[in-house]
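The structure under discussion appears below in the form of structure tokens.
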Amino acid sequence: MAEKHTKHQVVIVGGGITGLTLALCLQHLKVDYVLLEAYGSIAPDVGASILLFPHGQRILDQLGILDKLQSAGLPQGTLDYRDGATGQSLRRSDFGDIFRRRHGYSLLWSSRHRILRALHEAVAEPQQRLLVNKRVTRIDSLPEGVLVNTDDGSAYEAQIVVGCDGVHSTVRKEIASPKRTGGDVGCEYGCFFAASKCTPVVTETVEPGAGALISLQDGQVVLGRGLDDEMYFFCTWTLPTSQQKCSIDDIPRFTKEDKERVLDRFRDVVFGDNGVRMQELFDNLIRSGVTALPHYTLRKWSSGRIIAIGDAVHKFNPVAGQGGNSCIDSCALLVNALQEHLGTDLANMPSWPLPSLSQAFEDVENASVRKVTTLVEESQNMIRLLSWRRWYDKIMYRYIVPYLPAYFLLQPHSAAIVTGVRLRGPFKQPEAKHDWLYDEERVPSKPMSL
Ligand SMILES: Cc1cc2nc3c(=O)[nH]c(=O)nc-3n(C[C@H](O)[C@H](O)[C@H](O)COP(=O)(O)OP(=O)(O)OC[C@H]3O[C@@H](n4cnc5c(N)ncnc54)[C@H](O)[C@@H]3O)c2cc1C
């Protein structure tokens, strides 16, 4: 018998970027929701760097929290392309202004922790809405809803449950046949991610907001200086062929010894003209982690009154910086579809009929799966190029990329950005001027009943 049984319109599972962004969307619509987080804190000081692209920022701008987020990060400055084998700088460019002109916003460089904190601070009634130490274990169907059970014996009844519970999603397992055709997912790379305190030599080498992309054979480093003299970086390396496919529920985990081997591999990689090496960052770690990088887009995101979004159903490698931005995009797609099929006054609808929900969830899948599959595959091509996987990648990186006009080099990023959607309904509409139309502006969409 559950200790506690409460009723809401929506239960969100997971308090990462996806869960908190969705919470803020629902808050704006005055929908009664509760967010259940397995761990004891909503914005723990763990995790990696995040580059927020214009399409992610556009949605956060609509939620009225862009200022808050901007003060949680720095606009990205110059980006240095380096050859990790020789230490040579091949190209230095400043792309931020190009993104701002094209898409209305620059690039925002921060950490997952700071972004989560900013989102968390924007949640009204956090004590009642964001419940920690609530690990969801099972979801039961009710005649007109769902019952979400947690490991402390509580149960939360709702019209829908949205799984925003990341790569090791429990909610995903409740959705029938959640795997891609073929079952296994690709997992070509491992990743060591960290933040370090800047030492004087690092401060001299990398300006606030500036960063570097460093390539070597079967490996690659992304780094950048953030707020408060923190350096964020991650090193990726190619996994052995035997590990490059895995079950989505059995993603490789790494040991301390594996981590030491990674550090050995990257410690002599040079990231500044003065010869400063990665060892300087390894000696001053504030936090770090090591993870496998599966990549996938699941075809089925929903079943009945259950839907999963974010990393639970699509996982990018971090090199192209699209993972978190796609999570934010999925929140907007879901909120738009709910309004489209159930009506704009969601807050005052006591019952959300299953047929309308099914249509809404189908819209989300139809709008997302193909788009995200392409973006995930392009991200894989990018990491393969940057880690010189194919015979031509090193030639491309060393002799062609340095001379490509910015227009050409940024094309894949811009192509991803323009697929981003905006929140429809009673949200502030984006006003930032931009030269390139978003796809939804190009094709006049059907009139919204909003
Ligand atoms: C090194 C690195 C760099 C990255 N850089 C970028 C970047 O530059 N730009 C970008 O856009 N993206 C980037 N990403 C990707 C981005 O961080 C993720 O896509 C995003 O954070 C995923 O958010 P999420 O909320 O879907 O999942 P998560 O962040 O994994 O959150 C899931 C939450 O659910 C909780 N949870 C899990 N199971 C349960 C359960 N059973 N019950 C209750 N709660 C549960 C977890 O505790 C967690 O809080 C990067 C990722 C990495 C690893």
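What residue, among those in the range 390-406 that are open to solvent by 20 Å² or more (accessible area, probe 1.4 Å) and β-branched (Val, Ile, Thr), is farthest from residue 90 (Cα to Cα)? Step by step, filter the range 390-406, then rank; the result is 395. Candidates are the residues of the range 133-152 that are open to solvent by 10 Å² or more (accessible area, probe 1.4 Å) and either more than 14 Å from the ligand (Cβ to nearest atom) or within 21 Å of the chain's Cα centre (by Cα) (or both); the one that is nearest to residue 351 (Cα to Cα) is 144.
Regarding the range 379-393, can at least one residue be identified that is of a type in the set (Lys, Arg) and in contact with a Leu (Cβ under 9 Å, 6 or more places away or on another chain)? Walk me through it before giving the result.
Taking the range 379-393 and keeping what is of a type in the set (Lys, Arg), we get 384, 389-390.
Within this subset, residues satisfying the condition of being in contact with a Leu (Cβ under 9 Å, 6 or more places away or on another chain) are none.
No, the range 379-393 has no match at all.
Within the range 301-315, the set of residues being open to solvent by 10 Å² or more (accessible area, probe 1.4 Å) and under 19 Å from the mean Cα position of the chain (by Cα) comprises 311, 315.
So that you can scan it fast, the table gives a plain yes or no per residue for (1) in contact with a Ser or Thr (Cβ under 6 Å, 6 or more places away or on another chain); (2) at pLDDT below 95:
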| residue | (1), (2) |
| --- | --- |
| 370 | no, yes |
| 373 | yes, no |
| 376 | yes, no |
| 380 | no, no |
| 385 | no, no |
| 395 | no, no |
| 398 | no, no |
| 417 | no, no |
| 422 | no, no |
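Checking each residue in the range 306-321 for being more than 11 Å from residue 171 (Cα to Cα) and out of contact with any Asp or Glu (no Cβ under 9 Å at 6 or more places or on another chain) picks out 314, 315, 316, 318, 319, 321. Taking residue 115 as the residue in question, decide whether it is within 13 Å of the ligand (Cβ to nearest atom), under 23 Å from residue 313 (Cα atoms), aliphatic (A, V, I, L, M) and in contact with a helix residue (DSSP H, G or I) (Cβ under 6 Å, 6 or more places away or on another chain). No; evaluated as a whole, the condition is false for this residue.
Restricted to the range 7-125, the set of strands (runs of 3 or more DSSP E) holding at least 3 residues that are open to solvent by less than 20 Å² (accessible area, probe 1.4 Å) and more than 30 Å from residue 398 (Cα to Cα) comprises 10-13, 33-36. Taking each residue of the range 5-17 that is more than 6 Å from the ligand (Cβ to nearest atom) and looking for partners that are modelled with pLDDT of 95 or more and small (Gly, Ala, Ser) with beta-carbon atoms closer than 7 Å, six or more apart or interchain, yields 5/155; 8/158; 9/158; 10/158; 11/158; 12/19; 12/23. For the range 281-291, name all the residues that are surrounded by 18 or more Cβ atoms within 10 Å (Cβ to Cβ) and farther than 20 Å from residue 210 by Cα. Once the filter is applied, which keeps residues that are surrounded by 18 or more Cβ atoms within 10 Å (Cβ to Cβ) and farther than 20 Å from residue 210 by Cα, the range 281-291 yields 288, 290, 291. Just checking, how many residues over the range 346-366 are of a type outside the set (Ser, Thr, Tyr) and open to solvent by 10 Å² or more (accessible area, probe 1.4 Å)? So the count comes out to 12. Of all residues in the range 340-363, those that are more than 18 Å from residue 426 (Cβ to Cβ) have Cβ atoms under 8 Å from Cβ atoms of residues that are at pLDDT below 95 and open to solvent by 50 Å² or more (accessible area, probe 1.4 Å), 6 or more apart or on another chain, in 351/144.
Taking each residue of the range 36-57 that is farther than 30 Å from residue 98 by Cα and more than 6 Å from the ligand (Cβ to nearest atom) and looking for partners that are in a loop (DSSP other than H, G, I, E, B) and open to solvent by 10 Å² or more (accessible area, probe 1.4 Å) with beta-carbon atoms closer than 6 Å, six or more apart or interchain, yields 40/132; 40/133.
Considering each residue of the range 1-15, count those that are modelled with pLDDT under 90 and of a type in the set (Gly, Ala, Ser), and give that number.
Of the range 1-15, the ones modelled with pLDDT under 90 are 1-5.
Checking which are of a type in the set (Gly, Ala, Ser) leaves us with 2.
Summing the residues that are modelled with pLDDT under 90 and of a type in the set (Gly, Ala, Ser) in the range 1-15 gives 1.
For the range 154-177, what are the residues that are outside any loop (DSSP other than H, G, I, E, B) and either among the basic types (Lys, Arg) or open to solvent by less than 20 Å² (accessible area, probe 1.4 Å) (or both)? Scanning the range 154-177 gives 154, 155, 156, 158, 160, 161, 162, 163, 171, 172, 173.
Residue 428: open to solvent by 70 Å² or more (accessible area, probe 1.4 Å) and either at pLDDT below 95 or over 24 Å from residue 8 (Cβ atoms) (or both), yes or no? Judged against the criteria, residue 428 is a match.
The set of residues in the range 322-345 being of a type outside the set (S, T, N, Q), surrounded by 20 or more Cβ atoms within 10 Å (Cβ to Cβ) and either out of contact with any helix residue (DSSP H, G or I) (no Cβ under 6 Å at 6 or more places or on another chain) or within 19 Å of residue 54 (Cα to Cα) (or both) consists of 323, 324, 327, 328, 329, 331, 332, 333.
Each row is one residue, and each column tells you yes or no for (1) touching a helix residue (DSSP H, G or I) at 6+ places or on another chain (Cβ under 8 Å); (2) within 14 Å of the ligand (Cβ to nearest atom).
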| position | (1), (2) |
| --- | --- |
| 225 | yes, no |
| 229 | yes, no |
| 246 | no, no |
| 249 | yes, yes |
| 280 | yes, no |
| 287 | no, yes |
| 298 | yes, yes |
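Applying a threshold of 6 Å to beta carbon distances and a minimum spacing of six or more residues, or different chains, the list of pairs starting in the range 257-268 at a residue that is among the acidic types (Asp, Glu) and ending at one that is open to solvent by 50 Å² or more (accessible area, probe 1.4 Å) reads 268/277.
The values are calculated or read from the model by the stated rules, or taken from the named source; none is laboratory data. It should be emphasised that the depicted structure is a prediction, and the values quoted were computed from it without experimental measurement. Ideal geometry is used to build each Cβ from the backbone, glycine not excepted, and the neighbour counts take in all protein chains shown. SASA here: full protein model, heavy atoms, side chains in, ligands and nucleic acids out. Shrake-Rupley method; radii C 1.70, N 1.55, O 1.52, S 1.80 Å.
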